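A quick write-up on the structure given underneath.
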Amino acid sequence: MTKIRSIFLSSESQSSLPLVDFCRQHELLLVRKSLISFAPVAFEFPENWEVVFFASPRAVDFFLSADFLLKPYQQLACIGSETKKHIESRGYTVSFSGELAGKPDEIAQEFKAWLGERIALFPQSTKSNKSIEAILPEEQKVPLVVYETIEKPGVFDEAFSVYVFTSPSNLLSFLSQNSIPEDSKVIAWGDSTARVCLSRSVQADYILSTSTYAELEEILQKIIV
């Protein structure tokens, strides 16, 4: 096995900072670079919904930046632990949270069972995968675009031992101007990113189930030699 010397991560988020410490401890070069940017989209709050489902911390921020007032009969739901922590940091209670954020198809089934016959609102990007809402009948879902995802590709002259792609959009932006060496390892941030890897003939060597940096570090700990 080729010795792991460098890691590319398609994120510059605060939540990725523990990975900086991990790479420093193991003397690994880490390049954190998001290849997408975001812009708010004007929207109005729909009427007649009972649950709002957030698929990412970013959806939370763009939705809650407006004059949001949660009514007594309304509840908040989300895809996994990272988004749950982010919502709670904003002072809200989460009534439903998926266990394996990297497996949206499973969460969709769990959420549908929990939702019952209520109507769910889905704040999302212009490039949303719609993984959760796809399972619901039309009369039970209200998609709401609250932000735009914009590709911001860049050229990377160096090759990395490991590539970690945190979203389908970041992967597509990267591949628009770069290729991945055959002997490099690819880590996909959940099933949605892994599916895009497959569609672009990229081998995802590892797929995160919980889509957390703790899980990422566990995988890296196993493959650094």
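Toward the positive end of the charge dipole of the chain, with +1 on the Cβ of Lys and Arg and -1 on the Cβ of Asp and Glu, the farthest Cα among 193, 16, 126 is that of 16. For the range 134-225, chymotrypsin sites (Phe, Trp or Tyr not before Pro) meeting the loop criterion (DSSP other than H, G, I, E, B) and having at most 13 other Cβ atoms within 10 Å: none.
Report the residue, chosen from 36, 187, 135, that carries the largest GNM mean-square fluctuation when the chain is represented by alpha-carbon nodes joined by springs under 10 Å. Looking only at 36, 187, 135, the biggest GNM fluctuation is shown by 135. Largest GNM mean-square fluctuation among 16, 173, 192, using the chain with Cα springs under 10 Å: 16. Which links in 84/141; 3/127; 152/222 stretch past 25 Å when you go from one Cα to the other? Listed pairs above 25 Å: 3/127; 152/222.
What are the equivalent ellipsoid semi-axes of the chain, built from the alpha-carbon gyration tensor (square roots of five times its eigenvalues), in whole angstrom, biggest first?
On the way: eigenvalues 216, 60, 54 Å².
Result for the chain: semi-axes of 33, 17, 16 Å.
Among the GluC sites (Glu not before Pro) in the range 38-143, those located in a DSSP loop and surrounded by at most 13 other Cβ atoms within 10 Å of their own Cβ are 44, 47, 99, 117.
Hey, could you grab the Kirkwood Rh for the range 1-86? Inverse mean 1/r over distinct alpha carbon pairs, Å, one decimal.
By the Kirkwood definition, the hydrodynamic radius is 16.0 Å.
Note on the chain: with a GNM built from Cα contacts shorter than 10 Å, the maximum mean-square fluctuation among 53, 96, 22 falls on 22.
A short reminder: the numbers here are calculations on the coordinates, not readings from a lab. It should be emphasised that the depicted structure is a prediction, and the values quoted were computed from it without experimental measurement. Using ideal geometry, Cβ is built from the backbone for each residue, glycine included, and neighbour counts are taken over all protein chains shown.
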